[in-house]
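The values are calculated or read from the model by the stated rules, or taken from the named source; none is laboratory data. Treat the numbers as computed from the prediction; the structure is a model and nothing was measured. So basically every Cβ, Gly included, is an ideal-geometry build from the backbone, and we count neighbours across all protein chains shown.
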Amino acid sequence: MRCWQVRRQLLRYEDGDLSPQQAAQIQGHLRACPACRGELARGRTAVAWVEALDEAEAAPDFSDRVMATIRSGQVTEPAGQRESVLPLWPVAAAMGVGGLVLAAFVGLWAVSVDFSALGSTLVAWGSDAGQAAAAISVMGKALVLLVEAALRVFTTPALVLIALDLLLLGVTLLLLRLWNARRRALRIGTMLAM
Amino acid sequence: MAEESDDLLIRRTLHGDVDAFGVIVDRYRSRVFNLAYRMLGDRDRADEAAQEVFIRAYTALGSYRPSGSFSSWLLAIAANYCIDSLRQEPFAAVPIDNPKAVATAVAGAASDPHAAYGRTETQQLTHNALGRLPDMQRLVIVLVHIHGMSYQQAAEVLGQPVGTVKSHAHRGRARLKRLLAPHMEENGL
């Protein structure tokens, strides 16, 4: 290898970025070439001087001054804590459950349940223990109706609308999450753009 | 409280415990100040910059995500502030080819009770050679060779690919070598 070829690779050699074969070629040249050895030594010395720079210490009252400024009320309180305290997924789950409950009610409405009869029987159950058996029977019937409603609701146009609504909600939440992540990345990127 | 993790201190701060942020300031003041000093070249500017960095960090604390490293997040704010500041006013360097100016700077540092650095000619020359690097090269050299970060960590702070960071580091080291070579020869190196 020629000197200019070696010198072009010296920093990569120092960082261990060369293949073992390339590193061996550089080592071979360095053994035979005092000028390139000097170049390597000067590079190492420059880095050693940088690494040996004394640590610049802040003034002893630095922290007190920063905290006094923060406590003075002139500094905006940390922003975005609501965002960090309230993650998006529980909100999405709660809205999803709410949507399903709504779907069940739509289903009940679709099969035309006699709510008034069901309600009066339940009231009677609450006031007269003697009618407990009848009430249990009604509760059983209500359960059957709910299951029936759940089955039927899957065939009604209402479900299609609700399902689309939930899908739209999920996609919106996902986009919001991605947008927040991108906004953060852009903020850091912008900070470092130079 | 001094032993608490960064993430716990941040949560406390976000819930209104300002003292918790005081622990963070104490924990990172040296690193932030040192970065600002090596980037800006002047103690007063570095002090002002480091204060502003902590205030910006406090205000933006809600946007920090524990999935990343707080130290990288904080140093990214510091790096950004320094780069912005350098656009308005460049590095306060003493010309390294002017021995009289270097000697004056060394004497000034030696007589300053707070400046426990830059007391030797080599330190002054190295500091000023750093100041003659392009800002990005200097920033990478400071992060890697003064803060002891890996290229990967520096890339995380800068939000740039590792290859780009290495390229800045290599160019910076080559330039430093050229700038400091005459002083090495004077010292028989």
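State which residue is modelled with the highest pLDDT when the search covers only the range A:144-187 and only residues that are closer than 30 Å to B:ILE77 by Cα and of a type in the set (D, E, K, R). First the steps, then the outcome.
Here is the first cut: in the range A:144-187, the residues closer than 30 Å to B:ILE77 by Cα are A:173-187.
Add one more test, that the residue is of a type in the set (D, E, K, R), and what stays is A:177, A:182-184, A:187.
Working: A:ARG177: 70, A:ARG182: 57, A:ARG183: 55, A:ARG184: 53, A:ARG187: 48.
Residue satisfying both the conditions and the ranking: A:ARG177.
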Return the total of residues in the range A:57-67 being over 15 Å from B:LEU61 (Cβ atoms) and at the interface with chain B (Cβ under 7 Å from one of its Cβ atoms). 6
In the range A:68-85, which residues are within 7 Å of chain B (Cβ to nearest Cβ), loosely packed, with under 15 Cβ neighbours inside 10 Å, part of a helix (DSSP H, G or I) and modelled with pLDDT under 80? A:GLU83
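Taking the range B:141-153, which residues are part of a helix (DSSP H, G or I) and within 11 Å of chain A (Cβ to nearest Cβ)?
At the first step, the residues of the range B:141-153 found to be part of a helix (DSSP H, G or I) are B:141-146, B:151-153.
Those that are part of a helix (DSSP H, G or I) and within 11 Å of chain A (Cβ to nearest Cβ): B:ILE141, B:VAL142, B:VAL144, B:HIS145, B:ILE146, B:TYR151.
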State all residues of the range B:45-77 that are farther than 16 Å from B:HIS127 by Cα and either polar (S, T, N, Q) or more than 10 Å from chain A (Cβ to nearest Cβ) (or both); if no residue qualifies, say none. B:GLU48, B:ALA49, B:GLN51, B:THR59, B:SER63, B:SER67, B:SER69, B:PHE70, B:SER71, B:SER72, B:LEU74, B:LEU75
Would you say B:GLU185 is in contact with a Ser or Thr (Cβ under 6 Å, 6 or more places away or on another chain) and acidic (Asp, Glu)? no
Unmet criterion (only one of (1) part of a helix (DSSP H, G or I); (2) at the interface with chain A (Cβ under 9 Å from one of its Cβ atoms); (3) more than 16 Å from A:PRO60 (Cα to Cα)) for B:GLY16: (1)
Look at the range A:47-56 and say how many of its residues are more than 7 Å from chain B (Cβ to nearest Cβ) and part of a helix (DSSP H, G or I). 1
Among the candidates A:ARG44, A:ARG65, single out the residue that is assigned to a helix (DSSP H, G or I) and free of Cβ contacts under 8 Å to residues at least 12 places away in the same chain. A:ARG65
Can you tell me which residues in the range B:5-23 are surrounded by 15 or more Cβ atoms within 10 Å (Cβ to Cβ) and more than 18 Å from A:GLU77 (Cα to Cα)? B:ASP6
Can you tell me which residue within the range A:42-67, out of those that are more than 37 Å from the chain's Cα centre (by Cα), among the aliphatic types (A, V, I, L, M) and surrounded by 14 or more Cβ atoms within 10 Å (Cβ to Cβ), is modelled with the lowest pLDDT? A:ALA56
Only one of B:ARG138, B:ARG175 is surrounded by fewer than 24 Cβ atoms within 10 Å (Cβ to Cβ) and part of a helix (DSSP H, G or I). Can you tell me which? B:ARG175
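In the set B:ALA181, B:ALA155, B:ALA76, B:ALA174, which member is farther than 20 Å from A:GLU51 by Cα and either in contact with a Phe, Trp or Tyr (Cβ under 8 Å, 6 or more places away or on another chain) or at pLDDT 90 or above (or both)? Please lay out each step first, then the result.
Working: B:ALA181 fails: farther than 20 Å from A:GLU51 by Cα; B:ALA155 fails: farther than 20 Å from A:GLU51 by Cα; B:ALA174 fails: farther than 20 Å from A:GLU51 by Cα.
Result: B:ALA76 is the single residue among B:ALA181, B:ALA155, B:ALA76, B:ALA174 that is farther than 20 Å from A:GLU51 by Cα and either in contact with a Phe, Trp or Tyr (Cβ under 8 Å, 6 or more places away or on another chain) or at pLDDT 90 or above (or both).
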